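First the structure, in the form of structure tokens, and then the observations on it.
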Amino acid sequence: MNGPVEPFKIKMVERVGMPDEQRRNNAIIEAGYNTFLLKSEDVFIDLLTDSGTSAMSDYQWAGLMTGDEAYAGSRNFYHLREAIRDVLGYTSYVPCHQGRGAEHLMYSYLVKPGQIVPRNMYFTTSKLHVELPGGRMVDIIIDEAHDPENEYLFKGNVDLKKLQALIDEFGLGKIVFVNVEMNVNMAGGQPISMQNLRELRKFCNDYKLKIIFDATRSSENAFFIRDREKGYENVPIIEILREMMSYSDGCIYSCKKDALVNIGGFLATNDKEIFENTRNMVVVYEGLHTYGGMAGRDMEAVARGLREGAQYEYLKYRVNQVRYLGELLNKADVPIVKPIGGHAVFLNALKFLPHISRNQWPAQTLTAAIYEESAVRSMERGAVSKGRDKETGQNIYPALELVRLTIPRRVYTNTHMEYTANSIINLFKKKDTISGLKMVYEPKYLRFFQSRFEKISL
Ligand SMILES: Cc1ncc(COP(=O)(O)O)c(C=O)c1O
């Protein structure tokens with residue numbers, strides 16, 4: 001099996017070093033067994049996240065030099081507006097420093113205390129930005145998404161029956177909008193189908209409900225629609241994207257993923273009220289409405305990256321590189337979430353480490369063990385990420401207890417994928433020697449970023 005051929009050549013490289021075993025052992029203890037707390041210089045292959053870790057193209061780097069750093073009315077703001085109109089089809093946008101800045105503006109405007117926000121699986125920062133103004137996020141993704149073995153091709157789909165049940169239980173007044181993520185991150189990078197989006201729009205029209213997308217990974221989702229959904233085989237990605245967005249009333253967007261940049265975000269909409277209200281608040285929290293926390297040069301890089309990230313040849317390579325890593329692991333019977341997602345391969349920690357109980361954090365344990373074995377950094381996406389129940393204060397143990405091997409875009413070669421796969425396969429063979437963790441420090445918000453652990457002896 002060959003890895004996918006890269007549709008680019010490499011013009012600049014960055015040295016990475018392999019820390020020896022002693023250094024790895026010390027580093028993970030110092031980091032409290034939390035891979036977020038490792039120093040990047042102690043990491044060989046960094047698969048913590050695909051967020052802000054892309055390699056920009058020469059065209060994007062050249063764009064940085066054309067940054068217009070005027071406080072107001074930067075030309076790059078208008079370039080980005082053109083790109084958003086062309087690629088996503090929204091007329092208006094509000095720039096933000098990154099995705100959670102857009103979530104803050106959008107959700108603090110739309111969510112009122114006591115309201116419910118149905119969503120096709122939570123995302124960490126999105127859930128918190130719904131909870132801070134007093135709302136509650138409720139999961140309405142199809143059941144298949146909670147089963148790592150289920151090979152359904154559109155596991156990101158919304159279950160309309162679950163949405164109907166919420167309306168029946170709480171009444172329409174409690175639900176203002178439906179929140180829909182593309183290529184659902186916490187489900188394993190799983191796409192939503194165009195048919196599901198179309199049906200959801202019709203459903204929401206009947207109830208006069210708004211639909212707000214988390215369009216962060218919409219280009220990778222569009223690739224899957226083209227690859228898997230009948231009727232879209234030959235449709236250009238941009239047309240698919242515009243059709244997807246046409247079923248929404250607006251979106252939040254973290255540019256740090258599909259737009260191939262290291263920083264940036266925005267919200268975009270065709271809804272005059274959403275636009276005017278969020279544009280008014282951006283000046284309080286982010287910056288003037290024509291830069292929103294980004295430098296002019298950042299907006300230029302986003303404008304160029306948004307277009308590049310929607311090119312078919314690039315997306316094909318991108319998704320196939322993730323698939324390459326997943327297939328190497330799958331062939332060796334390492335338990336992974338199937339089908340293989342768009343931005344990451346997710347290991348099923350409950351199957352990898354069946355001897356470790358949920359309250360000893362199997363996914364967190366596995367991230368630390370992978371690092372100790374190989375200096376590959378991954379991320380926990382399970383109970384530590386999910387946090388505690390807002391009302392009872394108890395830990396929530398989601399069905400999915402996963403480790404995410406997230407592939408930065410255009411950064412690593414297929415040999416890096418092979419090294420990663422071989423290291424994890426070696427670890428899998430001696431999985432019984434791995435012992436669980438005890439949480440010894442827990443911050444109040446988004447605990448997975450900063451919590452600390454100690455090893456429990458076997
Ligand atoms: C689905 C999703 N939404 C929102 C965000 C938040 O974006 P940012 O990290 O740019 O604040 C992320 C980041 O990982 C994400 O994956």
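The values are calculated or read from the model by the stated rules, or taken from the named source; none is laboratory data. Since this is a predicted model, take the numbers as computed values, not measurements. Backbone-built Cβ (ideal geometry, glycine too); neighbour counts: all protein chains shown. For the accessible areas, the whole protein counts, side chains as well, though only heavy atoms, and no ligand, DNA or RNA atoms are used. Shrake-Rupley method; radii C 1.70, N 1.55, O 1.52, S 1.80 Å.
See the values below:
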read-out: Among the candidates Gly73, Gly67, residue that is part of a loop (DSSP other than H, G, I, E, B) and open to solvent by 30 Å² or more (accessible area, probe 1.4 Å); value: Gly73
read-out: Subset of segment 281-301 [in a loop (DSSP other than H, G, I, E, B) and within 17 Å of Met65 (Cβ to Cβ)]; value: Met294, Ala295
read-out: Hits in segment 398-416 - residues which are open to solvent by 20 Å² or more (accessible area, probe 1.4 Å) and of a type in the set (D, E, K, R); value: Arg410
read-out: Segment 3-30, residues that are touching a residue at least 24 places away in the same chain (Cβ under 8 Å) and in a loop (DSSP other than H, G, I, E, B); value: Gly3, Pro4, Val5, Glu6, Pro7, Phe8, Lys11, Val16, Gly17, Met18, Pro19
read-out: Filter result for Asp139 (closer than 24 Å to Phe449 by Cβ and either over 23 Å from the mean Cα position of the chain (by Cα) or at pLDDT 95 or above (or both)); value: yes
read-out: Residue check for Tyr78: away from the ligand (no atom under 16 Å from the Cβ) and either free of Cβ contacts under 8 Å to residues at least 40 places away in the same chain or among the basic types (Lys, Arg) (or both); value: yes
read-out: Cβ-Cβ under 9 Å pairs, at least 6 apart or on other chains, segment 232-255 side touching a residue at least 24 places away in the same chain (Cβ under 8 Å), far side open to solvent by 50 Å² or more (accessible area, probe 1.4 Å) and within 16 Å of the ligand (Cβ to nearest atom); value: Ile252/Arg100; Ser254/Arg100; Cys255/Ile263
read-out: Odd one out for Gly52 among (1) within 16 Å of the ligand (Cβ to nearest atom); (2) more than 17 Å from the chain's Cα centre (by Cα); value: (2)
read-out: Within segment 85-184, helices (runs of 4 or more DSSP H) holding 2 or more residues that are of a type in the set (A, V, I, L, M), within 16 Å of the ligand (Cβ to nearest atom) and open to solvent by less than 40 Å² (accessible area, probe 1.4 Å); value: 99-110, 124-131
read-out: Positions within segment 155-192 being farther than 14 Å from Ala145 by Cβ and either touching a residue at least 60 places away in the same chain (Cβ under 8 Å) or of a type in the set (Val, Ile, Thr) (or both), in sequence order; value: Ile167, Lys174, Ile175, Val176, Phe177, Val178, Asn179
read-out: One residue from Glu454, Glu418 being closer than 23 Å to Ile340 by Cβ, charged (D, E, K, R) and touching a residue at least 60 places away in the same chain (Cβ under 8 Å); value: Glu418
read-out: Residue list for segment 369-399, restricted to those being part of a loop (DSSP other than H, G, I, E, B) and farther than 25 Å from Gly114 by Cβ; value: Ala375, Ser378, Gly382, Tyr397, Ala399
read-out: Of the criteria (1) farther than 14 Å from Ala349 by Cβ; (2) in contact (Cβ under 8 Å) with a residue 12 or more places away in the chain, which one Pro443 fails; value: (2)
read-out: Lone qualifier among Tyr33, Tyr107 - being over 30 Å from Asn330 (Cα atoms) and aromatic (Phe, Trp, Tyr); value: Tyr107
read-out: Answer residue from segment 187-208, given it is open to solvent by less than 10 Å² (accessible area, probe 1.4 Å) and hydrophobic (A, V, I, L, M, F, W, C) and is farthest from Asp50 (Cα to Cα) among those; value: Cys204
read-out: Residue list for segment 242-273, filter: of a type outside the set (D, E, K, R), more than 10 Å from the ligand (Cβ to nearest atom) and open to solvent by 10 Å² or more (accessible area, probe 1.4 Å); value: Ser246, Tyr247, Ser248, Asn262, Asn270
read-out: Segment 186-218, residues that are of a type in the set (Gly, Ala, Ser) and either touching a Leu at 6+ places or on another chain (Cβ under 6 Å) or within 13 Å of the ligand (Cβ to nearest atom) (or both); value: Ala187, Gly188, Gly189, Ala215, Ser218
